[in-house]
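The values are calculated or read from the model by the stated rules, or taken from the named source; none is laboratory data. What you see is a predicted model, and the numbers here were worked out from it, not measured in a lab. As a convention, Cβ positions derive from the backbone with ideal geometry for all residues, glycine included, and neighbour counts pool all protein chains shown.
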Amino acid sequence: MTSYLSVRDLVVHFPTIDGIVKATDGLSYEVERGKTLGIVGESGSGKSVSSSAILGLHRGTNAKVSGEILLDGDDLLQLNDEQMRQHRGSDVAMIFQDPLSAMHPYYTVGNQIAEAYLVHNRVGKKAARARAIEMLDRVGIPQPDRRVDDYPHQFSGGMRQRAMIAMGLINNPGLLIADEPTTALDVTVQAQILDLLQDLQREFNSAIIIITHDLGVVAEMADDVLVMYAGRAVEYGPCKEILTHPEMPYTWGLLSSVPDLSADTNAKLIPIRGNPPSLLSPPPGCAFNPRCDHRDKVPGDLCTTQVPDLTTARSGGNHVKRCHLANPDEVYATEVLPEIAPDLAKETP
Amino acid sequence: MFAYVVRRCFTGVIMLIVMSFVTYFLFFASPIDPGRFACGKSCPPALIKQTDKALGFDKPWPVQWKDFAIGVVKGRDYPEDPALRKSAPELISHCPAPCLGYSQVNLINVTTELKDKIPISVSLALVAFVMWIIGGISLGAVAALTKGSIIDRGVVGTSLVFYAFPTFWMGLFLIEFPAIKWGLVQVPSYTSIADGGVWGWLSNLFLPGLTLALFYMAGYVRITRAFVLESMSEDYLRTAKAKGLAPRKILFKHTMRAALTPIVTLAGLDLAGLLGGAIITEQVFNFNGLGKLAVDSTQTFDLPTVVGLVLLLAAFVIVANIIVDILYAVIDPRVRVG
């Protein structure tokens, strides 16, 4: 029994004159219908690139994509362009970060939403328009029968993202990929959009992949979390596990960078030092080693010579991590947690 | 939208008035005595004076400009002399509105003169325009879609080669080889639709139109290629692709529509400029249009004709600008509200 979406050993490489950019290197994950996978990581960690590969958006470019992307048992990478096109927007839909630039400025919102319906259904323009109004109503646009003829610039940011969601869900896709859907929106609107996505997920029973760098979004939405670093999964498991018992120093870094609203307002944020690595020539060994504070706890030069395998975490279950540390759970509990959440560390001795 | 058009037309008229004022000023800044040219080489000063008076050149130039402006609106008489009108009305020639002056070289009202030439230049400009727009945009789109390939380089390179050839060379080449030596087409001479029917009109415009089109096309190939490539990297094209649209639909509905705005700007101004006459091409093909008239009237110091031509060309450019601005609003909904 395989999951609805099962990505196995996905590789996306971009050959350039300077060498091969390894945007995604051996990525595997699964998503069930009705479940949400959160993919987190810094900019340039391969989150968007790997998800675009599911839709085949790299076709026609010079990208080299290999591995397996099984959607309901079909390997999407084996399909020809026309077969892939049939899947786009019908089984797999994607919504993007900035809804203003993601919508064509010269066509009405209704036209663009109806277009998505017309491609995959044998219906007339009138029926498609009626369906577009229905979807706009469903995503909470007031007076949808009038707003359907508005242009994107006449919508507010939140309404545009709602319209994008309506466009994505109009064909009732089994999988919705949301690429940083709330990044360009203000905080109150973010919460509304996330609630909407959850409501719709319950209604349509679709699988959702939500790409974000906001751990708050992950905590609210995701059932599973995949942490990516330099094109690879560095930690993957159930959301609760990852947020409470993270075993990879990069995940610790991400958690440390979240501002704590209950703490002293003058408290400094704790960023991860250094910059994300170049995907053209990533550091040897564990790609995170130059930025890692816990390298000295690993005997020898393992961190700089050998890429750690994805191994089952100490907490067990489906939780896997990519780290050479022998006792990451102890290091986290004794060194990291007291620093980022002293209250929490005291409660759990 | 209607108020906008009215406002634009109003400012257009004001611009034309200013243009005519400036042209008139330059007219009198030149060291040319129009009366002397009208009268002939060995003309006694008394006769020059009389000619000046008959044509109104004896008055100060602001007054002359006023007479000119009144002539455009109401028409005027030459000479403007109430006494003569009573004694010998047969000596007075009337220039009906819109009167742009009287050409003392060609002995004809400038308005009548322009009216005869406009169809020739406009036909030529339109035929060339259609050819270069169709050719330029489709080739530019092909080049963008095959970016970096041999086809792309071939299209861009060839269009540049045609751009590099001067129009007089291209015109002479087209007359000499396809028309005279190979006999593929007849040597063109302008035939109006009334005389030769639509086919006769079109077939005679083919070679001169092609000469101009080959020259203008290069710019359109490049600008179309550049803007299609630019709009292909827009986020909304990724959205269109993610919706599962067919590549053909993405190209024609989403990409080309976005690339159209800059092309419309360029096309409007190029067409307006060309409507005022293609000077070299008309000379080469011996088409008696506005361009040829401009050259001839400059060489013969036929200042009233030059003034008329300048104003006509200015009017074409102003009208084209208004049309381009209206087209913007049609193409880009964001322009409509703001």
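Name the single residue that is nearest to the other protein chains (Cβ to nearest Cβ) among those in the range A:167-185 being polar (S, T, N, Q) and farther than 22 Å from A:Lys47 by Cα.
A:Asn171
Only residues that are closer than 25 Å to B:Leu260 by Cβ and more than 14 Å from every other protein chain (Cβ to nearest Cβ): list them for the range A:126-147, please.
A:Arg129, the sole residue that qualifies.
Mind listing whichever residues of the range A:203-213 are touching a residue at least 60 places away in the same chain (Cβ under 8 Å) and either not β-branched (Val, Ile, Thr) or not in a strand (DSSP E or B) (or both)?
Once the filter is applied, which keeps residues that are touching a residue at least 60 places away in the same chain (Cβ under 8 Å) and either not β-branched (Val, Ile, Thr) or not in a strand (DSSP E or B) (or both), the range A:203-213 yields A:Asn205, A:Ser206, A:Ala207, A:His213.
Going by the conditions given, is A:Leu279 buried (at least 18 other Cβ atoms within 10 Å of the Cβ) and among the hydrophobic types (A, V, I, L, M, F, W, C)?
Criteria met by A:Leu279.
Where in the range A:27-117 are there strands (runs of 3 or more DSSP E), lying wholly inside it, with at least 2 residues that are more than 14 Å from every other protein chain (Cβ to nearest Cβ)?
A:36-40, A:64-71
Inspect the range B:95-103 for any residue being assigned to a helix (DSSP H, G or I) and modelled with pLDDT of 80 or more and give the result as yes or no.
no
I'd like to check something: does the range B:217-234 contain any residue that is facing chain A (nearest Cβ under 8 Å) and in a loop (DSSP other than H, G, I, E, B)?
The answer is yes, given that some residue of the range B:217-234 is facing chain A (nearest Cβ under 8 Å) and in a loop (DSSP other than H, G, I, E, B).
When A:Pro99 is evaluated against the numbered criteria (1) in contact with a strand residue (DSSP E or B) (Cβ under 7 Å, 6 or more places away or on another chain); (2) at pLDDT below 90, which criterion, by number, is the only one it fails?
(1)
Residues checked against (1) out of contact with any Ser or Thr (no Cβ under 8 Å at 6 or more places or on another chain); (2) within 14 Å of chain B (Cβ to nearest Cβ); (3) buried (at least 21 other Cβ atoms within 10 Å of the Cβ):
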{"position": "A:Asp150", "(1), (2), (3)": "no, yes, no"}
{"position": "A:His153", "(1), (2), (3)": "yes, yes, no"}
{"position": "A:Ile165", "(1), (2), (3)": "yes, yes, yes"}
{"position": "A:Val187", "(1), (2), (3)": "yes, no, no"}
{"position": "A:Ser206", "(1), (2), (3)": "yes, no, yes"}
{"position": "A:Thr212", "(1), (2), (3)": "no, no, yes"}
{"position": "A:Ala219", "(1), (2), (3)": "yes, no, no"}
{"position": "A:Tyr229", "(1), (2), (3)": "no, no, yes"}
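How about the range B:220-240: which of its residues are over 18 Å from A:Leu100 (Cβ atoms), crowded, with 18+ Cβ neighbours inside 10 Å and more than 27 Å from the chain's Cα centre (by Cα)?
Once the filter is applied, which keeps residues that are over 18 Å from A:Leu100 (Cβ atoms), crowded, with 18+ Cβ neighbours inside 10 Å and more than 27 Å from the chain's Cα centre (by Cα), the range B:220-240 yields B:Val228, B:Met232.
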